[in-house]
Amino acid sequence: MSEPIAYLNGEFVPVSRAALSVFDLGVVAGASATEMVRTFRHTLFRLDDHLQRLEQSLELLSIEFRLSRAEVTVICEQIVAENASLIPDDGDLGLIVFVTAGQNLTYLGPAGIDRAHTPTVCIHTFSLPFELWANRYDSGVHLVTTSIRSLPDDIIDARVKHRNRLHWHLAEIEARRIAPSATAILTDVDGFLTETAAGNLCVVDGTTIVTPSQNVLHGISRSVVSELASSLGMTFASTRLLPDELAKAREAFITSTPLCLVPVTQFNRRPIGDGAPGPVFKKLIAAWSDLVGTDIIGQMQNRENRNDNES
């Protein structure tokens, strides 16, 4: 098969046919929970942790999930096995699982009440675009604060990984107006740092790695960093962080599923430390590479270099 497959509401279909109804509440209201998992050497990493968090999100959103975790695991692994054959051996996949609240009863009318109460379940993959990210491991990420705030927990619980992303979209537009290559990091209503659209912030304070404690998603990658830090003789702690504390840090980085770790080298147009990836980041990304049996930075940068040579 030359086209990747996807799972949609009980069927495996070509990804081009994995389409949602315009009546779907994921489209109409952004009412959906989601997870992204990545592969290393075509094997899913921490899938069970991601599915456990998905179940928590769905429970908090009162969306009924009718598949067991074991059933979803089998579907995910089958899709990866099929779709990995369509990418290069040195490539990897991102796998997306999302569940919406069903369809909008107002649009369906009384005859559609069953569809209105039946969640949409979709699972698909995409080839990880290493070329988009390769330079971040050398140049780092420029974070900027914006006027857009994190959603308070009394509006949407921060433990929910959802697809209601309009505030992030607006924050990224504002960030790029501040600096063309910048990424937004939000603050809460009290002015404390929270997270970026793609991951958790970590700040190095001596032998301790500190991460914001409130109004943030409990990242799977953040948990991996906590484990790796322990193996390196460092401690990992959650606390409230002010922008000034990040500005004065000697080293910081972001954790995320597709990139694992990327250094933060600028904050609000000023360098973090000496403006280059720091030693703790380098130790952690090396330890993560050992954990998964893949040179994470090399994988991304080798693809970019190969494409440059072919062009």
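The values are calculated or read from the model by the stated rules, or taken from the named source; none is laboratory data. Keep in mind it's a predicted model, so treat the numbers as computed, not measured. Note: ideal-geometry Cβ built from the backbone for every residue, glycine included; neighbour counts use all protein chains shown.
Below, the figures for the structure above:
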read-out: Subset of segment 155-191 [assigned to a loop (DSSP other than H, G, I, E, B) and within 27 Å of His50 (Cβ to Cβ)]; value: Ile155, Ile156, Asp157, Ala158, Arg159, Val160, Lys161, Arg163, Asn164, Arg165, Asp188
read-out: Residue list for segment 30-55, restricted to those being closer than 19 Å to Ser256 by Cα and either part of a helix (DSSP H, G or I) or outside the structural domain of Leu93 (by TED's automatic domain parsing) (or both); value: Leu47, Asp48, Asp49, His50, Leu51, Gln52, Arg53, Leu54
read-out: Any hit, segment 96-118, residues being under 17 Å from Phe45 (Cβ atoms) and part of a helix (DSSP H, G or I); value: no
read-out: Pair list, Cβ under 8 Å, 6 or more apart: segment 41-70 residue over 30 Å from Thr294 (Cα atoms), other residue hydrophobic (A, V, I, L, M, F, W, C) and at pLDDT below 95; value: Leu58/Phe65
read-out: Residue within segment 228-237 that is within 28 Å of Leu170 (Cβ to Cβ) and surrounded by fewer than 21 Cβ atoms within 10 Å (Cβ to Cβ) present; value: no
